[in-house]
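The values are calculated or read from the model by the stated rules, or taken from the named source; none is laboratory data. Note that the coordinates shown come from a computational prediction; the quantities given were computed from them, not determined experimentally. Glycine gets a Cβ as well: all are built from the backbone with ideal geometry, and neighbour counts include every protein chain shown.
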């Protein structure tokens, strides 16, 4: 009975966080005046994740104190209401519809048929192929819709403003490649960075090799243990071949606990946590920071 009560209370607070606190925080979001054009920030969203994506992007802008160029990639399920919801907060975001994206991908991956086939069969592959295809500058940032920021990500701001060509990523709690890392290293001859997670990636465009991506997909398309992780594996492969950079500090958190660790810069809400705890903890913390603490600080 106690477990059932906790589950109901958690769901109720998640609904409150999603429908009240998140909306209050987003309506209060003032976009910073300092603009960063390069790197652009890319995010893949669906009809079920777009509102969390807007919250993630707003928390990122708020805590960086920078205004970013957002490319929002529609997995093919967004409706007009969702598009309006995105533009209410990010009026200049580039929202890329699926039909338009498919046309560009067919051209961009024309010489890499294995990658194109994988993209057309699994939406998550858009995080790799389409982000690269639509990136206008030298570098880009991959930001998942279930990553919420709580503090200033100084490392990201420094990377963006310095023009560094290094690659950085969110370190996972365990490895989740399409196939175990030793198989990749043996087949492709690459010393793979361990525990690579593509929920948050800082990537030089030049580091992306479609030829290397094609080799990996071709090598493991038939025997991949986890085909949904091809895009994550590919980003890990690109960073490992590039060889400059590494994982972000542990304060860029991925965890399975109910509360984030003290001092967390951000948290990637993995598994079922993205459906409730993101709004219980993430939306509440962002509302408290942006609507209460910051207003109190300005009034002093």
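Checking the conditions here, which among 141, 179 is at pLDDT 95 or above and crowded, with 22+ Cβ neighbours inside 10 Å?
Values: 179 fails: crowded, with 22+ Cβ neighbours inside 10 Å.
Checking each option against the conditions leaves just 141.
Would you be able to tell me the number of residues in the stretch 262-300 that are assigned to a helix (DSSP H, G or I), farther than 17 Å from residue 10 by Cβ and free of Cβ contacts under 8 Å to residues at least 24 places away in the same chain? Walk me through it before giving the result.
The initial filter retains those residues of the stretch 262-300 that are assigned to a helix (DSSP H, G or I), namely 271-275, 277-299.
With farther than 17 Å from residue 10 by Cβ added as a condition, the list becomes 286-299.
Now restrict to residues that are free of Cβ contacts under 8 Å to residues at least 24 places away in the same chain: 288, 292-299.
Residues in the stretch 262-300 being assigned to a helix (DSSP H, G or I), farther than 17 Å from residue 10 by Cβ and free of Cβ contacts under 8 Å to residues at least 24 places away in the same chain: 9 in total.
Looking only at the stretch 225-238, decide whether some residue is in a loop (DSSP other than H, G, I, E, B) and closer than 29 Å to residue 156 by Cβ.
Kept after step one, since they are in a loop (DSSP other than H, G, I, E, B), are these residues of the stretch 225-238: 225-226.
From what is left, the residues that are closer than 29 Å to residue 156 by Cβ are 226.
The answer is yes, given that some residue of the stretch 225-238 is in a loop (DSSP other than H, G, I, E, B) and closer than 29 Å to residue 156 by Cβ.
Determine, yes or no, whether residue 128 is closer than 23 Å to residue 218 by Cβ, touching a residue at least 12 places away in the same chain (Cβ under 8 Å) and crowded, with 21+ Cβ neighbours inside 10 Å.
Values: closer than 23 Å to residue 218 by Cβ: yes; touching a residue at least 12 places away in the same chain (Cβ under 8 Å): yes; crowded, with 21+ Cβ neighbours inside 10 Å: yes.
Judged against the criteria, residue 128 is a match.
Just to be sure, is residue 193 surrounded by 19 or more Cβ atoms within 10 Å (Cβ to Cβ), touching a helix residue (DSSP H, G or I) at 6+ places or on another chain (Cβ under 6 Å) and more than 16 Å from residue 142 (Cβ to Cβ)?
Details: surrounded by 19 or more Cβ atoms within 10 Å (Cβ to Cβ): yes; touching a helix residue (DSSP H, G or I) at 6+ places or on another chain (Cβ under 6 Å): yes; more than 16 Å from residue 142 (Cβ to Cβ): no.
Taking the combined requirement at face value, the residue does not satisfy it.
Residues are listed down the side, and each one gets a yes or a no for (1) out of contact with any helix residue (DSSP H, G or I) (no Cβ under 6 Å at 6 or more places or on another chain); (2) surrounded by 14 or more Cβ atoms within 10 Å (Cβ to Cβ); (3) not in a strand (DSSP E or B):
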{"residue": "37", "(1), (2), (3)": "yes, no, no"}
{"residue": "40", "(1), (2), (3)": "yes, yes, no"}
{"residue": "51", "(1), (2), (3)": "yes, yes, yes"}
{"residue": "56", "(1), (2), (3)": "yes, yes, yes"}
{"residue": "87", "(1), (2), (3)": "yes, yes, yes"}
{"residue": "101", "(1), (2), (3)": "no, yes, yes"}
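Considering only the stretch 103-125, how many residues are outside any helix (DSSP H, G or I), surrounded by fewer than 17 Cβ atoms within 10 Å (Cβ to Cβ) and modelled with pLDDT of 95 or more?
To start, the set of residues in the stretch 103-125 that are outside any helix (DSSP H, G or I) comprises 109-112, 122.
Now narrow it down to the ones that are surrounded by fewer than 17 Cβ atoms within 10 Å (Cβ to Cβ): 110-111, 122.
With modelled with pLDDT of 95 or more added as a condition, the list becomes 110-111.
Here the count works out to 2.
Using beta carbons and a limit of 6 Å, which pairs, at least six apart or on different chains, have the first residue in the stretch 156-173 and under 14 Å from residue 60 (Cβ atoms) and the second one at pLDDT 95 or above and in a helix (DSSP H, G or I)?
What qualifies is 157/64.
Residue 267: at pLDDT below 95, crowded, with 18+ Cβ neighbours inside 10 Å and in contact with a strand residue (DSSP E or B) (Cβ under 9 Å, 6 or more places away or on another chain), yes or no? Steps first, please.
Details: at pLDDT below 95: no; crowded, with 18+ Cβ neighbours inside 10 Å: yes; in contact with a strand residue (DSSP E or B) (Cβ under 9 Å, 6 or more places away or on another chain): yes.
It is false that residue 267 is at pLDDT below 95, crowded, with 18+ Cβ neighbours inside 10 Å and in contact with a strand residue (DSSP E or B) (Cβ under 9 Å, 6 or more places away or on another chain).
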